[in-house]
Amino acid sequence: MSDESVILRPVAEDDLPLLEQFLTDPQATGPFQWLGWSDPGRWRRRWTQDGLLGDDGGQLMVVTGAERLGFVAWRKIATSRASYCWNIGAQLVPEGRGRGVGTQAQRLLVRYLFGHTPVVRLEADTEAENIAEQRALEKSGFTREGVLRSLVFRDGQWRDVVRYSVLRDDIVPAGAPGQPGTGGGHLA
């Protein structure tokens, strides 16, 4: 794990070209997130509408020092007529991967969502072959729940996905006696 401090902050207008890169550059996106060409203007339209922070989900930039390394995101999943949970994810540029940044960013997002929304459950999904993301989720406090077969179509074939979750009661507050909490950075 890297010693660098990870910060989550709202997306600024000058961050939009980096986000657009994830919709137009297969190399930047990486093998598990490239789902084909997509409308790069969607980020700018949504940013103009709500700054990428809405009632049904949002995005925050992942930053270390002066480096913008990607984003974390969450979206509302209805679990019944009266309840919901968040499904979360992270996307980092190639130079941000393999440094522990994704793990720290996901820990911060967990803390943020439990601190500012009433949900008791967060979910995350990743392809069964994406071992690095599975490790990052487990280090972030998530529990593997199972495999969803043939859930995502990518690169000409259906792919299995592993579902993870973390519950509000699973997270020990940072600074609790004898507990590591969910530290590793801070929100801007």
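The values are calculated or read from the model by the stated rules, or taken from the named source; none is laboratory data. Source: prediction; values computed, not measured. Every residue, glycine among them, receives a Cβ derived from its backbone with ideal geometry; neighbour counts consider all protein chains shown. The accessibility values were calculated without ligands, DNA or RNA, using every heavy atom of the protein model including side chains. Shrake-Rupley method; radii C 1.70, N 1.55, O 1.52, S 1.80 Å.
Mind checking which residues of the range 26-41 are closer than 17 Å to Pro94 by Cβ and surrounded by 13 or more Cβ atoms within 10 Å (Cβ to Cβ)?
Pro26, Ala28, Thr29, Gly30, Phe32, Gln33, Trp34
Whether any residue in the range 90-104 is surrounded by fewer than 18 Cβ atoms within 10 Å (Cβ to Cβ), β-branched (Val, Ile, Thr) and either within 13 Å of the chain's Cα centre (by Cα) or over 24 Å from Gln21 (Cα atoms) (or both) is what I want to check.
no
If a residue must be within 16 Å of Arg68 (Cβ to Cβ) and touching a residue at least 40 places away in the same chain (Cβ under 8 Å), how many such residues does the range 3-50 contain?
Here the count works out to 16.
Answer yes or no: is there a residue in the range 148-158 that is part of a strand (DSSP E or B), at pLDDT 90 or above, exposed (fewer than 13 other Cβ atoms within 10 Å of the Cβ) and among the hydroxyl-bearing types (Ser, Thr, Tyr).
Checked against the condition, which is being part of a strand (DSSP E or B), at pLDDT 90 or above, exposed (fewer than 13 other Cβ atoms within 10 Å of the Cβ) and among the hydroxyl-bearing types (Ser, Thr, Tyr), the range 148-158 yields at least one hit.
Kindly evaluate Leu187 against the criterion of being modelled with pLDDT under 95 and of a type in the set (A, V, I, L, M, F, W, C).
Here the answer is yes, as Leu187 does meet what is asked.
Identify all residues within the range 34-56 that are in contact with a helix residue (DSSP H, G or I) (Cβ under 7 Å, 6 or more places away or on another chain) and within 23 Å of Leu8 (Cα to Cα); write none if there are none.
Residues satisfying the conditions are Pro40, Trp43, Arg44, Trp47, Leu52.
Mind checking whether some residue in the range 113-131 is open to solvent by 20 Å² or more (accessible area, probe 1.4 Å), part of a helix (DSSP H, G or I) and β-branched (Val, Ile, Thr)?
Yes, that holds for at least one residue.
For the range 70-108, which positions are within 16 Å of Gln134 (Cα to Cα) and of a type outside the set (Gly, Ala, Ser)?
Val72, Asn87, Ile88, Gln91, Leu92, Arg97, Arg99, Val101, Thr103, Gln104, Gln106, Arg107
So Ile77 clears everything in (1) of a type in the set (A, V, I, L, M); (2) open to solvent by 10 Å² or more (accessible area, probe 1.4 Å); (3) free of Cβ contacts under 8 Å to residues at least 40 places away in the same chain except one condition, right? Which one?
(3)
Here's a check for you: in the range 42-68, which residue that is among the small types (Gly, Ala, Ser) and part of a strand (DSSP E or B) is most open to solvent (accessible area, probe 1.4 Å)?
Gly54
Find the residue count for the range 25-41, including only residues that are in a helix (DSSP H, G or I) and modelled with pLDDT under 90.
4
Name the single residue, out of those in the range 69-85 being assigned to a strand (DSSP E or B) and over 22 Å from Val161 (Cβ atoms), that is farthest from the chain's Cα centre (by Cα).
Ser80
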